[in-house]
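Structure, as C-alpha cells:
Quick note: the coordinates plus some simple rules give every number you see, no bench work behind them. Remember, it's a predicted structure, so these values are computed and weren't measured experimentally. All Cβ positions, glycine included, derive from the backbone under ideal geometry; neighbour counts span all protein chains shown.
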Amino acid sequence: MPALTLDRLLSSIGFGSRKEARALVRMGLVELNGEVLEDPFMELAERPANITVNGEEVPTVEKLYVMLHKPVDVECSHNARDHQSVFALLPDRFTAMGIQSVGRLDADSEGLILLSNQGDFIHKIESPKKGFLKRYRVTLARPFTEAQKTELLKGVMLKDERRPVLAREISEERVVLPDGREVDTVVITIGEGLYHQVRRMFAAVGNHVETLTRISVGPLELDATLEKGGWRFLTDEEVAAFL
Ligand code: URA
C-alpha cells in the first residue's frame, strides 16, 4: 500500500484530485490538531479521526454510511429534475466519494433513507433475498376498514407485477402532531421495494394514501432527533446489524 500522504488522505475523503488537494494545502487551508499543515506530501503514520479544511472539521472516514430524514419534494436522484436532490442535503464531498441512496423514496414521501458509498452494503439491503422489512406510516383519505386490512394481509395484485404482494403486518395508531392535532395513521410493514408499492397497495383496496413516512428499514428506525432534511452517520453497531 502506498504511504498515506496528506494529498492522498484529502482526495480519499472527497476533496478533489490529489492535485486539487495539494492546492488546498498550499493555500494554508488544512489543519490538524490546530496546526496548519504546509507539506502536501507529508506522510501520516495513521489516518487521523478528523482534519480541518477551510475552517470545518471533517471526519476522515472513507466508508460512508448515512441516515437521512428525507423531506417531501426532494428526489433520491443525482440528476433530480423536478425537485431538489437528496444529495444536495449532504456535503458535496460525499458525491465525490460516490455516495448513493439505498433504494428510493418518492418525491411525495418522507422519512428514513439510507445512503452509502459501499456497494456490498447497498446491495445487501436492496436484495429481496435478505428480506429486510420496511415500515411506513401513512395517513389515508378515507376510513380504513377491517375488509381493507384483511385484503392487504392476504395479498393484492398490482398492475404489471407477477405475484400478489402482501402486508406483513398492519397496525392502526393515533398520533399527536407537533402542532397538537391528533390523526389516525396506519403502520404497514412490507418486504419488497416495488415502485410506489405502498401507495399502489392502498389504492388496490379502494383507499388513497395522503402522506407516507418511512419509519424503519430492517433493524434501523428513523432517528427521532433528526429534523427533516437532517442526517447523521450510522454507528458501527448500526452498520453491523445489516452486515
Ligand atoms: N411506497 C410508496 O408508495 N412510496 C414510497 O416512497 C415508498 C414505498
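Relative to its residue count, the stretch 54-96 spans a Cα convex hull of 104 Å³ per residue.
Can you tell me which lysines have their Cα less than 25 Å from the Cα of Lys149? Leave out same-chain residues fewer than eight positions away. Counting by Cα, and skipping residues close in sequence, Lys149 has these lysines nearby: Lys134, Lys159. For the stretch 171-243, the residue among Val186, Trp231, Val176 whose Cα projects farthest onto the positive side of the dipole built from Cβ charges is Val186.
Listed by chain and number, the lysines whose C-alpha is less than 23 Å from the C-alpha of Lys130, apart from same-chain residues fewer than 8 away, are Lys63, Lys154.
Is the stretch 103-154 best put as rounded, prolate or oblate by its Cα gyration tensor, with a ≥ b ≥ c the root eigenvalues, rounded for a/c under 1.5, and otherwise prolate when a/b is larger than b/c, oblate when not? Oblate shape, in that a/c is at least 1.5 and b/c is the bigger or equal ratio. Can you classify the stretch 1-64 as rounded, prolate or oblate using the Cα gyration tensor, where a ≥ b ≥ c are the square roots of its eigenvalues, rounded means a/c under 1.5, and otherwise it's prolate if a/b beats b/c and oblate if not? In terms of gyration-tensor shape, rounded. According to the calculation over all Cα-Cα pairs in the stretch 70-159, the P(r) per 10 Å bin from zero is 14, 35, 32, 15, 4 %. Charges were assigned to the Cβ only: +1 to each Lys and Arg, -1 to each Asp and Glu. The resulting dipole of the stretch 1-103 about its Cα centre is roughly 340 debye. With point charges of +1 on the Cβ of Lys and Arg and -1 on the Cβ of Asp and Glu, referenced to the Cα centre of the stretch 28-104, which listed residue (Gly55, Leu90, Ala45) lies farthest in the positive direction of the dipole? Farthest towards the positive end: Leu90.
From most to least packed by mean Cβ count within 10 Å, the peptides 169-175, 200-206 give 200-206, 169-175.
When the alpha carbon gyration tensor of the stretch 126-243 is reduced to an equivalent ellipsoid, its three semi-axes come out at 25, 21, 11 angstrom, largest first. Other residues with beta-carbon under 15 Å from the beta-carbon of Ala45 carry, at +1 per Lys or Arg and -1 per Asp or Glu, a net charge of -1.
Check the straight Cα-Cα distances from Lys19 and name the aspartates and glutamates below 17 Å, setting aside those fewer than 8 residues away within the same chain. Output for Lys19: Asp7, Glu38, Asp39, Glu43. Along the axis of the charge dipole computed for the chain (Cβ charges of +1 for Lys and Arg, -1 for Asp and Glu, origin at the Cα centre), the listed residues Gly155, Gly218, Gly103 are led at the positive end by Gly155.
Pairwise inverse Cα distances across the chain, averaged and inverted, put the Kirkwood hydrodynamic radius at 20.3 Å.
Local charge for Thr189 was computed over the other residues whose Cβ lies under 10 Å away, with Lys and Arg +1 and Asp and Glu -1, and equals +2. The charge dipole of the stretch 162-201, taken about its Cα centre with unit charges on the Cβ atoms of Lys, Arg (+1), Asp and Glu (-1) only, comes to about 400 debye. Compute, for the chain, the length of the dipole vector about the Cα centre, with Cβ point charges of +1 (Lys, Arg) and -1 (Asp, Glu) only. Units Debye, rounded to 20. Around 1080 debye, computed over the chain.
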